[in-house]
Amino acid sequence: MPLVLHILVVVFSFFSILAAPVFAAGSDDGSSAASSTEASYADAKALVAAGKYDEALPALEVITKDDPKNADAWNMLGFTHRMLGHMEESSQAYLVVLTINPNHLGALEYQGELFLQTGKPDQAKANLAKLQGLCGDCEEYEDLQKAVTAAGV
């Protein structure tokens, strides 16, 4: 009897090893890809918060390529480009965000700041007015208002 048990253990172990790659493949519902993108976005956001824009940029480019409808990632990409002085790339990223979600508060604020930096104060004021209509005195409105006031326009 012990020999039979030993053989069963060996056979079971063999088939378990063969089946491991199948189970490792996961489901096809995209949940692991989504959680991977969320983790990558959180990492990129932390890099941006630390001022490590050069390090965040490649990660954000991958995230927006893999998840092209992720408005928050596009917004962070636009912000990162702007902080690096890449104004045209920043502008394009904000346009993508606002195509995905025309009322994205963060993009309206950041795009308004970009407008101020690129000598387009009237467009910055238009974004400010839109923010006021969308959210009143929310943080995005207040931040852009401060930037407009500081720019003297």
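In region 81-153, the ratio of gyration radius to Kirkwood radius, Rg to Rh, stands at 0.94 when only Cα atoms are counted.
Relative contact order of region 33-151, taken over Cα pairs closer than 8 Å and 6 or more residues apart, is 16 percent.
Convert 10 °C to kelvin, take the viscosity as 1.306 mPa s, use the Kirkwood radius over C-alpha pairs of region 33-151 as Rh, and evaluate the Stokes-Einstein diffusion coefficient in µm²/s, rounded to a whole number. For the chosen part, D equals 111 µm²/s.
Since every read-out is calculated from the coordinates, none of them should be taken as a lab result. All of these numbers come straight from a predicted model, not from anything done at the bench.
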